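Okay, so here's the structure we're looking at.
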Amino acid sequence: MSIYIILTLISGILTLLLGLFVLGKNRKLRLNQVFFFFALSCTIWLLGSFMMLKSKTDEEAIFWDRIVYIGVVFIPTLSYHISLLFTKTRNRKYLLFAGYFLSSLFFILSRTDYFVTDLYKYSWGFHTQARFFHHIFLIFFIVYFVLFFLNVYRFYRKTKAVERSQAAYFLLASFLMFLSSLAFLSAYGINLPPFSYFTAVVFVFILTLAITRYHLFGIRVILTELLVGGMGLIWLVFSFLMPTVNLRILTFLTFFLFCIFGYYLIKATHEEEKRREEAERMAVQERALRLRTERLTRARDQFILSSQHYFRTPLTSIIGFLEMVLDESYGKLPEKVKEKLGLTSRSVLELRKRIEESLDISQFQIRKGKGILSLEEVRVEDLIKNVIEELKPQAKEKNLYLEVSFPENPLPKMKLDKKRMFMVFVNLIDNGIKHTLKGGIKLFLEYLKDKNSILFSVKDTGIGIPREELPFIGQMPFERGRKAKELTPLGKGIGLYLSRLVVEAHGGKLWAESEGIGKGSVFYIELPVK
Ligand code: ADP
């Protein structure tokens, strides 16, 4: 068998496989459907030519060449149709209809002796002789191919990126395919070896390249498909070329088995690919969501911090003015006014305290407690003495004792945020006073040698804390006990929460113990000596 014949066979099979592949990949796309019919026409042409070249008698050759023309007459119109779909051209439908009409006409004519008849015999084989309608058909063929090229070329000039590359590959592949039409020369007595059949192989190769690199026909292929396809093809060609019928059947059977194996292999790879794509998509989504959340959190934090600053500044001025008015710097005040202004001043001070607390809480939350403290060397005994001085009047007002017991030996000096720890001690002792009706408050300070830390405790004889509430002390949100709500209806559990944050930022611990309702409470703070 001559090399031409084998090449024709290979071209035919390759084109058919490509057509099936494109159709199988996206059956619903009109472009892929039309491409399939185009590939099918090419296959009829190529396999028909293969049979014709192999023919033993003239009649047989003429018969097969007439089969060839069944495919050939539709190729120009199908090419033109593809170009319309590929370039998304919606008008020019009339040219398309005219094309299909003419192709059908030539299909009928090609069955008669007015198209081709008799044979030219060449060293490599034969070809039928062109008759009158064949000449007309050639004009039609050239016109529609020119229209096809113009369409795709215009699209190539107009578009960018991937579509432009697709168009370039498409143009190149089609031009090579068009070269195959040199085969028509043999119908006019011109001896030209049928190398043109080989161009179909290149055509398929270039289109496959365009599919893998630029997703032509909207196809995404994976390497496994190409490998299985390539192997399968070689196997199939082999089964045709086997010298005996038995060997042919055997090779064909193994080819069939290989196809089944290939099918499952491709399917598995596809599923794997899908899972990977899904995971990738989710990762991208997650990243976007995280970035969005981070941005929102930053904006929220910024808003909280700045709005609290805005509250604090005018409040400080109000407090200053009120103090001056109360000091009667602007003249004497009637007793009633003085009294009411005194109450106002206390409320404003309370408000400022709350704002400062929540500003501090935001800072601790936003900056995770880092870089907020301004540490200095402090003698804890002195700090607590100052706190007692401040709170004595409140305890006295409620007839409560307020006692303190310091260790015999002075405690080591500690590095603390003086202002904030002062606030923490005030908070605990003030809470003791607030929640105690009878008795009083005892403060203990001791040094835990084994832990190299100090332990501060506030023991009151007040309302106590129910056992189930103890774990929530200093946590946010804090569901307050019924008894506490009666005593301090405005409390929100913010003071202890902030105290805990401050103590923890110092590396310490804050917790509470109580025997239960009515049995008093003890609040502890343990701070490491660094
Ligand atoms: P707020 O800031 O709302 O005044 P705190 O955070 O200081 O509140 O305390 C939260 C809650 O813990 C109080 O409302 C109260 O229910 C309870 N609590 C705090 N200290 C004591 C105490 N010494 N005895 C009993 N309950 C207390």
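The values are calculated or read from the model by the stated rules, or taken from the named source; none is laboratory data. Everything numeric here is computed off the predicted structure, so don't read it as measured data. We place every Cβ from the backbone using ideal geometry, glycine too, and count neighbours over all the protein chains shown. With ligands, DNA and RNA removed, areas are computed over all heavy atoms of the protein, side chains included. Shrake-Rupley method; radii C 1.70, N 1.55, O 1.52, S 1.80 Å.
Some points to look at:
- Whether a residue is among the hydrophobic types (A, V, I, L, M, F, W, C), over 30 Å from Asn91 (Cβ atoms) and without any contact (Cβ under 8 Å) to a residue 12 or more places away in the chain was assessed, and Phe115 does not pass this test.
- Top-ranked residue in region 438-464 [being aliphatic (A, V, I, L, M) and away from the ligand (no atom under 11 Å from the Cβ); ranked as farthest from Ala512 (Cα to Cα)]: Leu448
- Among (1) outside any helix (DSSP H, G or I); (2) open to solvent by 70 Å² or more (accessible area, probe 1.4 Å); (3) not aliphatic (A, V, I, L, M) - the single one His309 does not satisfy: (1)
- Every test in (1) surrounded by fewer than 18 Cβ atoms within 10 Å (Cβ to Cβ); (2) within 9 Å of the ligand (Cβ to nearest atom); (3) under 22 Å from Leu375 (Cβ atoms) is passed by Glu469 save one, and that test is (3).
- Hits in region 491-521 - residues which are at pLDDT below 80 and either open to solvent by less than 80 Å² (accessible area, probe 1.4 Å) or more than 7 Å from the ligand (Cβ to nearest atom) (or both): Gly491, Gly493
- Residue match in region 235-258 (condition: of a type in the set (Lys, Arg) and outside any helix (DSSP H, G or I)): no
- Once region 377-393 is narrowed to residues that are within 16 Å of Phe425 (Cβ to Cβ) and outside any helix (DSSP H, G or I), the residue that is least open to solvent (accessible area, probe 1.4 Å) is Val378.
- Qualifying residue in region 472-482 (condition: at pLDDT 80 or above and either charged (D, E, K, R) or closer than 26 Å to Tyr401 by Cα (or both)): yes
- Leu437, sole failed condition from (1) within 50 Å of the chain's Cα centre (by Cα); (2) modelled with pLDDT of 90 or more: (1)
- Cβ pairs under 6 Å, 6+ apart, first in region 410-427 and farther than 20 Å from Glu390 by Cα, second aromatic (Phe, Trp, Tyr) and at pLDDT 90 or above: Leu411/Tyr447
- Residue match in region 323-344 (condition: within 55 Å of the chain's Cα centre (by Cα), in contact (Cβ under 8 Å) with a residue 12 or more places away in the chain and either in the same structural domain as Glu504 (by TED's automatic domain parsing) or open to solvent by 60 Å² or more (accessible area, probe 1.4 Å) (or both)): no
- Odd one out for Thr128, checked against (1) surrounded by fewer than 20 Cβ atoms within 10 Å (Cβ to Cβ); (2) touching a residue at least 12 places away in the same chain (Cβ under 8 Å); (3) within 25 Å of Leu46 (Cα to Cα); (4) β-branched (Val, Ile, Thr): (1)
- Residue within region 361-373 that is at negative phi, touching a strand residue (DSSP E or B) at 6+ places or on another chain (Cβ under 9 Å), in a loop (DSSP other than H, G, I, E, B) and modelled with pLDDT of 90 or more present: no
- For region 160-204, a residue qualifies if it is within 45 Å of the chain's Cα centre (by Cα) and not in a helix (DSSP H, G or I), and exactly one does: Lys160.
- Qualifying residue in region 158-165 (condition: of a type outside the set (A, V, I, L, M, F, W, C), open to solvent by less than 30 Å² (accessible area, probe 1.4 Å) and either closer than 18 Å to Leu46 by Cα or without any contact (Cβ under 8 Å) to a residue 40 or more places away in the chain (or both)): yes
- Among the residues making up region 401-440, those that are open to solvent by 80 Å² or more (accessible area, probe 1.4 Å) and of a type in the set (Lys, Arg) are Lys413, Lys415, Lys418, Lys419, Lys438.
- Residues of region 394-420 that turn out to be closer than 26 Å to Leu448 by Cβ, among the polar types (S, T, N, Q) and in a loop (DSSP other than H, G, I, E, B), as a count: 1
- Residues that are touching a Phe, Trp or Tyr at 6+ places or on another chain (Cβ under 6 Å) and closer than 22 Å to Thr128 by Cα, drawn from region 13-54: Ser41, Gly48, Met51, Met52
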